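None of the figures in this text is laboratory data; all of them are computed from the coordinates on show. All values derive from a computational prediction rather than experimental measurement. Here the Cβ is made from the backbone with ideal geometry for all residues, glycine too, and neighbour counts use every protein chain on show.
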Amino acid sequence: MTSASPTSESTIAFIGGGNMARSLIGGLLARGTAAADIRVSEPVDALRDALARDFGVAVGADNTEAAAPAGLWLLAVKPQVMRAVCEALAPLAQAQRPLVVSIAAGITAAQMQRWLGGGVAVVRAMPNTPALLGAGITGLFASSEVDANGRERAANLLASAGKTAWIESEAQMDAVTAVSGSGPAYIFLLAEAMEAAALAEGLPAEAARALVLETVLGAARMLTESGEDPAELRRRVTSPGGTTQAAIETFEAGGFRELVASAIRNATERGRQLSAAND
């Protein structure tokens, strides 16, 4: 990594260089951020080499070295190691008072602040995997130390991967994780089940895959582009006595809504457990 320069609000340090960090870096560069304004600390040699080769950003293995000149830190490490990472960075955080953005599931702003030594402006963010395509959605919560400028900087950073939504109560962030952070997996599971059912009905594998994928894509576009409620769109395609009604009635009889509610409730609770386990 190149030598550190004086702290700059425009410089962004990524602590962790995995898939989500890579997506955000690519999005930032596409939106006009200079590669010289991005620094990455990542312990895996292959990931560091790929980031330097693909994006021309400064990379290294030392978190403090990466963070030293940066006014914004994006912490993209696993929840299980977040405490150790923050405590090691705490002296620098106290000296520089950066804006800290965390994308770790289940780690609260209060925990982050405590591990960083207190009084640090923290934004808790929960992106989802479509961010890798620039099509994600990120829920954001700001601690009281984050001012309007900090909110704007955090939103601009995460907007490089898709849309953003501010959540004013941190207690709701575990539900954000359950709905949107984990949500793509629910759609993937539905697609997996639909494809298996199509094969069981005798459709060729190639046709089954194409029919399921384009149906999911088309339905998602209708949801996002029509401006109609999901219930209204469902009603429009469900003709009385038709094939769709037969399928919908089967879903409802099997407790589909209750199963979805239970799944999201369990995911929300798991987020709370992660927080407690890493405290």
(request) Please work out the Cα convex hull volume for segment 5-74 and give it in Å³ per residue. (result) 69
(message) Under the 0.36 nm per residue contour assumption, what length would be gained going from the current alpha-carbon distance of Thr224 and Leu203 to full extension?
(response) 4.6 nm
(message) Tell me the angle of helix 19-30 to the major Cα principal axis of the chain, expressed in degrees between 0 and 90 and rounded to the nearest ten.
(response) 80
(request) Positive end of the charge dipole of the chain (Lys, Arg +1 and Asp, Glu -1 on Cβ, about the Cα centre): tell me which of Ala50, Gln94, Met194 has its Cα farthest that way. (result) Gln94
(message) Quick check on segment 119-259: what are the equivalent-ellipsoid semi-axes from the Cα gyration tensor, as sqrt(5λ), descending, whole Å?
(response) 37, 17, 14
(message) To check you understand DSSP bridge types, tell me what percent of the beta bridges within the chain (both residues inside) are antiparallel, rounded to 5.
(response) 15
(message) Please list, by residue number, everything in segment 227-251 whose backbone N is under 17 Å from a paramagnetic label point 7 Å out along Cα→Cβ of Glu258.
(response) 249-251
(request) Relative to the compact-globule scaling 2.2 N^0.38 Å, provide the ratio for the alpha-carbon radius of gyration of the chain. (result) 1.15
(message) I need the shape label for segment 88-139. Rule: rounded when a/c is under 1.5, else prolate if a/b > b/c, else oblate, with a, b, c from the alpha carbon gyration tensor.
(response) prolate
(request) Would you work out which of Ala105, Gly32, Gly271 lies farthest towards the positive end of the dipole of the chain? Charges go on Cβ: Lys and Arg +1, Asp and Glu -1. (result) Gly32
(request) Would you kindly state how much longer the chain becomes between Tyr186 and Gln273 on full extension, computed as 0.36 nm times their sequence separation minus their alpha carbon distance, in nm to one decimal? (result) 29.2 nm
(request) Could you tell me how many degrees, from 0 to 90 and to the nearest 10, lie between the Cα long axis of helix 243-253 and the main elongation axis, the longest principal axis, of the Cα atoms of the chain? (result) 70
(request) Scan segment 176-210 for GluC sites (Glu not before Pro) in coil per DSSP, keeping those whose Cβ has at most 16 other Cβ atoms within 10 Å, and list them by number. (result) Glu201
(request) Report, in deg cm²/dmol and to the nearest 500, the calculated mean residue ellipticity at 222 nm for the chain, where each DSSP H run with n ≥ 4 adds -39500 (n - 2.57) and the sum is divided by the residue count. (result) -16500 deg cm²/dmol
(request) Would you please classify the overall shape of segment 8-168 from the alpha carbon gyration tensor, given that a ≥ b ≥ c denote the square roots of the eigenvalues, rounded means a/c under 1.5, and beyond that prolate means a/b larger than b/c while oblate covers the rest? (result) rounded
(request) Return the percentage of antiparallel bridges among DSSP beta bridges fully within segment 8-168, rounded to the nearest 5 %. (result) 15
(message) Compute, for segment 183-274, the length of the dipole vector about the Cα centre, with Cβ point charges of +1 (Lys, Arg) and -1 (Asp, Glu) only. Units Debye, rounded to 20.
(response) 300
(message) How tilted is helix 79-96 with respect to the longest principal axis of the chain? Cα atoms for both, answer in degrees (0 to 90, nearest 10).
(response) 40
(request) Can you check what the Kirkwood hydrodynamic radius comes to for segment 183-274, Cα pairs only, in Å to one decimal? (result) 15.2
(request) Just subtract the alpha-carbon distance of Leu133 and Ile248 from 0.36 nm times their residue separation and send over the number in nm, one decimal. (result) 38.3 nm
